[in-house]
Amino acid sequence: MTSAPPPATALQITPSAPISRELHGWRAKCLQRLVRMQLPVPRSFAIPADTVRMIAQGRRIQPDALLDIFAGSGLVSVRPSAAMPEWGGPGTVLNVGINDALHARLAEVIGRDNADAVYLSFVQSYAIHIARLDPDLFTQDGPDALAASLRHYQDEMDQPFPQDPTEQLSEVLRSMARAWDGPTARLLRQAKGAPADAPLGLVVQEMALALGPGICGSGTIQFIDPVTGTPRVTGRFRGQRHGATVGAGAETLFLTRDDRGPALEDTAPEIFADLVRFGIAARERLREEMQIEFVVTEGRISVIDATRVARGSRAGVRIAVSLARDGIIPPEEALMRVEPRALADLLHHQVDPRAPRDVIARGIDASPGAATGRIVFSAASAQSAHARGEPCILVRRETVPEDIRGMHASVAVLTERGGTTSHAAVIARGLGLPCIVGASGLTIDARARTVRAGSRILHEGDEITIDGSSGEVLAGAAVLLPPALDDAFTQLMDWAADAGGMGVRANADTPEDARAARRFQAQGIGLCRTEHMFFDAERLPAMREMIFADTPEDRRLSLDRILPMQRQDFASLFEIMAGLPVTIRLFDPPLHEFLPHDREGLRELAESLDLPLSDVTRRVEALTEFNPMLGMRGVRLGITVPEIYDMQARAIFEATVQASRKGDPVVPEIMIPLVSAMREVELVKTRIDAVAAAVRNEMRTDFTYRLGVMVETPRAALRAGDIAAHSAFLSFGTNDLTQMTYGLSRDDAGRFMGTYVGQGVYAEDPFHVLDQDGVGELLLIGVQRARAQAPGITLSVCGEHGGNPESIAFCHQAGVDYVSCSPFRVPVARLAAAQSAIRNRPPVPRS
Ligand code: PEP
Ligand code: MG
């Protein structure tokens with residue numbers, strides 16, 4: 001085609017050959033390691049990626065350069081060798097080089113039928129995959145199949161089947177090189193994280209014969225269970241068979257002794273022992289659990305390939321830990337090998353990846369884990385089911401604060417609407433409940449008590465499984481694996497603690513959350529959302545009374561009824577977290593959320609307050625806001641209805657004294673939400689100081705506390721310098737900060753997030769992964785201005801991003817002191833923080 005010199009030829013893979021992963025791919029590099037270990041690897045050759053690229057563009061390797069490859073058995077295989085195994089590549093082609101002459105010679109060695117099988121399988125694969133002929137013409141088997149296939153080839157191509165092995169090989173190489181360049185392959189590898197122009201090397205290997213006299217066949221062996229990661233030999237030996245080439249008397253054997261049929265361990269113990277020996281050596285030298293592919297020719301083993309064992313998350317943790325425990329890799333490498341989000345699978349039940357899945361709907365995977373239960377459509381039904389001891393799944397269009405008790409009573413939650421930071425998602429993550437939100441393919445008819453999923457209609461009481469890790473709703477009860485908080489998990493977490501790095505606290509509102517936080521070794525509570533405490537059946541009436549009070553004095557009286565309960569809430573948290581910091585956020589939501597939303601509720605409220613219905617309705621309407629998320633909430637409420645914060649501050653201080661008398665002194669951290677101006681902090685601080693002074697006086701004891709501010713509005717980030725002057729700490733509430741930076745409702749974004757991410761408007765859901773360019777810039781500005789003003793100030797992130805590995809790495813680099821996330825995400829965050837510390841560790845100076 002051009003006059004440029006022919007591309008570089010294949011390089012034999014010897015112990016010293018200059019083979020590199022970048023140029024020749026992982027498979028070539030791996031084979032070289034096996035060769036160096038002196039394992040019986042057939043002669044293999046690596047074709048570098050630049051040559052493959054030129055072949056794809058129409059250039060050919062000089063045929064002479066390929067001749068040497070056929071010097072052995074005369075048959076070769078060609079396999080892809082991309083830089084990373086997960087990037088895949090075109091399928092392996094076996095038996096290249098077979099022609100009439102070799103067929104005749106082979107017939108004498110391995111028998112006519114076997115020689116026919118080898119030739120036939122190559123003709124079929126060449127015709128279909130290389131010459132791209134109609135597959136229907138090449139599906140025959142039986143004694144005449146070879147002759148028929150050769151005839152069909154000639155009829156279709158107007159020329160006989162190519163007899164020159166180098167021509168066959170050139171065509172195979174060309175076809176594989178071009179397949180790699182095709183749009184489908186490109187998209188597939190991009191989905192696995194490969195660049196669009198990722199290089200492909202190819203490996204050409206002399207074939208060991210798997211068909212013939214004596215013990216012949218091919219197989220794979222691995223030494224680890226791919227789901228649990230526990231040691232177990234798995235694989236098969238396929239006697240008289242290699243890929244699609246099936247010889248006479250083909251029989252599949254188990255590797256180890258098995259009640260279901262014959263095993264290689266019994267029929268050929270010395271072959272089995274050699275395989276085990278090779279496996280142990282490969283694990284040590286390649287520093288990985290490998291699956292070995294082998295061929296047996298008349299009782300002799302050839303190791304033809306080795307690949308990293310494909311594994312689920314549980315196995316991933318166990319394998320990394322056991323390699324490190326055996327001294328094969330250092331503990332820090334084990335930490336780096338585990339994908340932090342994989343840990344979430346270990347903390348919860350998981351749908352067994354081997355089991356069938358009947359998927360009926362999909363949504364956003366809002367909280368990981370899996371659970372099976374019967375459908376209920378209301379919080380009340382969930383509570384009744386719970387009382388009967390029946391696991392149930394709360395299915396709602398969306399959840400509201402009133403659903404909290406229903407969520408507590410359910411084993412999982414499914415909503416038609418919402419996104420990753422909507423109410424259902426945040427609460428479910430906090431409770432460790434599997435949850436799917438934004439399942440927009442569902443149509444819920446709460447009156448008829450049905451939910452339609454495509455063509456299927458499910459009724460209240462029907463059983464479903466929620467897979468919150470994949471976002472899939474499954475019909476019926478799926479097979480579940482139990483959580484795997486085993487010794488491997490504990491060991492990995494201990495190594496993560498040793499690696500140091502940013503702190504990790506938990507967002508915990510209840511004693512149950514706090515206990516989970518301790519179990520996962522959180523370094524304290526970084527966010528206690530106090531408003532959930534007001535929805536309790538005992539407190540809601542007092543809360544409503546407070547909302548309807550006409551004077552500050554009346555408000556105080558109602559709040560006084562809540563005070564002892566609130567004090568107990570905090571005292572329990574302090575006790576459980578003994579010795580660790582607890583950050584309590586003052587009341588945040590709009591008051592309207594505490595009022596009934598339907599006529600029946602309003603009537604009941606009028607009755608309990610002893611007011612006319614019209615009064616109650618008017619007051620509820622007066623509290624209604626067009627945009628409550630930007631309205632009277634957070635510190636705005638704290639300033640306009642200061643009695644609420646006064647009561648909370650008193651409860652915190654009294655609990656501090658109470659807990660400090662029982663154990664270590666407590667230094668509570670009080671956090672003001674939704675601040676946008678420094679003056680707001682001054683005003684609240686003055687009142688809280690006054691409450692502290694009063695409590696010190698009344699209880700005749702001293703205590704200290706730290707007052708901090710949540711940075712949730714863009715203005716607070718920009719004015720972080722002023723605000724820091726009055727704060728002991730700042731905590732970035734990146735949920736609201738994202739909502740306000742984008743002008744994007746947390747509760748409604750789910751409706752179009754799929755489209756937006758699908759069309760590349762957003763690379764990711766910004767409520768899930770911190771938007772580093774926009775929200776991240778505000779965070780960096782906030783960090784820098786706060787530190788310039790108050791170098792010793794504590795900075796943290798307590799939005800949902802605090803549990804997201806990529807966002808954690810960003811926060812670490814931004815100089816944040818700790819992140820805080822749902823208790824069940826603490827292990828994920830701890831691993832991500834450790835990885836970020838290891839990655840950014842300054843190089844050890846040479847002595
Ligand atoms: C936030 O806004 O990031 C936050 C932590 O507070 P909430 O999610 O309760 O609004
Ligand atoms: Mg917030």
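The values are calculated or read from the model by the stated rules, or taken from the named source; none is laboratory data. Nothing here was measured: the structure is a model prediction, and the numbers come from that model. Quick reminder, even Gly has a Cβ in these numbers, built from the backbone with ideal geometry, and neighbours come from all protein chains shown. Side chains included, ligands, DNA and RNA excluded: accessible areas come from the protein's heavy atoms. Shrake-Rupley method; radii C 1.70, N 1.55, O 1.52, S 1.80 Å.
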For the range 560-632, report the accessible area per residue in Å² (1.4 Å probe, heavy atoms, rounded to an integer).
51 Å²
Taking Cα atoms, the helix 313-325 axis meets the longest principal axis of the chain at an angle in degrees (rounded to 10) of 80 degrees
I'd like the antiparallel share, as a percent to the nearest 5, of DSSP beta bridges with both residues in the chain.
65 percent
Value of relative contact order over the chain, rounded to a whole percent, pairs C-alpha under 8 Å and six or more apart:
9 percent
With a 1.4 Å probe and all protein chains left in place, how much accessible area per residue does the range 356-481 have, in Å²?
38 Å²
Please list, short to long, the whole-number percent of alpha-carbon pairs of the range 319-377 in consecutive 10 angstrom bins beginning at zero.
17, 36, 26, 15, 6, 0
Globularity ratio of the range 1-113, using Cα Rg and 2.2 N^0.38 Å
1.18
Can you give the Kirkwood hydrodynamic radius of the range 590-637 from its Cα pairs, in Å with one decimal?
11.4 Å
Charge dipole magnitude, Cβ of K and R +1, D and E -1 - the range 291-386, Cα centre, debye nearest 20
280 debye
What's the Kirkwood radius of the range 11-206 in Å, using all Cα pairs?
17.5 Å
Taking only the alpha-carbon atoms of the range 188-258, what semi-axes of the equivalent ellipsoid follow from 5 times the gyration tensor eigenvalues under a square root, in whole Å, largest first?
30, 22, 10
Calculate the translational D of the range 556-688 in whole µm² s⁻¹ from Stokes-Einstein, where the hydrodynamic radius comes from the Kirkwood formula applied to all Cα pairs, the temperature is 37 °C and the viscosity 0.692 mPa s.
197 µm²/s
Inverse of <1/r> over all distinct C-alpha pairs of the range 86-197, i.e. the Kirkwood Rh in Å, gives 15.3 Å
Compute the long axis of helix 100-110 from its Cα atoms, compare it with the longest principal axis of the Cα atoms of the chain, and write down the angle in degrees, 0 to 90, nearest 10.
80 degrees
Just report the Cα centroid separation between the range 363-396 and the range 789-844, whole Å.
33 Å
Expressed as a percent, the accessible surface of the range 356-481 that is carbon or sulfur, using a 1.4 Å probe and the full set of protein chains, is 49 percent
Hey, can you find the accessible area per residue of the range 11-206 for me, probe 1.4 Å, expressed in square angstrom?
44 Å²
List the relative contact order of the range 217-311 as a percent without decimals, with contacts defined as Cα pairs under 8 Å and 6+ residues apart.
26 percent
Dipole size in debye (nearest 20) for the range 356-481 around its Cα centre, Lys and Arg Cβ +1, Asp and Glu Cβ -1?
140 debye
Counting only protein heavy atoms, what percent of the accessible surface of the range 1-132 is carbon or sulfur at a 1.4 Å probe?
53 percent
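Which values, in whole Å and largest first, are the semi-axes of the equivalent ellipsoid of the range 679-733 obtained as the square root of 5 times each eigenvalue of the Cα gyration tensor?
Ellipsoid half-lengths, sorted descending, are 27, 10, 8 Å.
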Rank-order 761-774, 619-632 by packing density, defined as the average count of other C-beta atoms within 10 Å over each peptide's residues, highest first.
761-774, 619-632
Relative to the first principal axis of the alpha-carbon coordinates of the chain, what is the inclination of helix 21-36, with its axis defined by its Cα atoms, in degrees from 0 to 90 and to the nearest 10?
70 degrees
Hey, any idea what % of the range 217-311's accessible area is carbon plus sulfur with a 1.4 Å probe?
49 percent
Show Phe161, Phe254 ordered by accessible area, largest first, where the area counts protein heavy atoms only and the probe is 1.4 Å.
Phe254, Phe161
When the helix-only estimate is applied to the chain (DSSP H runs of n ≥ 4, each -39,500 (n - 2.57), divided by the residue count), what is the mean residue ellipticity at 222 nm, nearest 500 deg cm²/dmol?
-13000 deg cm²/dmol
Hey, got the dipole for the range 217-311? About the Cα centre, +1 on K and R Cβ, -1 on D and E Cβ, debye to the nearest 20?
260 debye
Bin width 5 Å, origin at 0, all Cα-Cα pairs of the range 356-481: what percent of pairs per bin?
2, 14, 25, 29, 21, 8, 1, 0
Provide the solvent-accessible area of Arg374, counting protein heavy atoms only and rolling a 1.4 Å probe, rounded to the nearest 10 Å².
100 Å²
P(r) for the range 238-330: what percent of alpha-carbon pairs falls in each 5 Å bin, starting at zero?
3, 12, 18, 20, 18, 15, 9, 4, 1, 0
What residue among Val78, Gly25, Met54 has its Cα farthest toward the positive end of the dipole of the range 11-206, where the charges are +1 on Lys, Arg and -1 on Asp, Glu, each on the Cβ?
Gly25
Alpha-carbon centroid distance for the pair the range 420-451 / the range 231-296, whole angstrom:
47 Å
Arrange the peptides 522-529, 506-513 so that the one whose residues have, on average, the most other Cβ atoms within 10 Å appears first.
522-529, 506-513
Of Lys192, Lys29, which has the most accessible area and how do the rest follow, probe 1.4 Å?
Lys192, Lys29
Quarter of Cα convex hull surface for the chain, i.e. mean projection, nm²:
43.7 nm²
Taking Lys662 as the anchor, which aspartates and glutamates have their alpha carbon closer than 18 Å to its alpha carbon, excluding any fewer than eight residues away along the same chain?
Asp569, Glu575, Glu654, Asp702
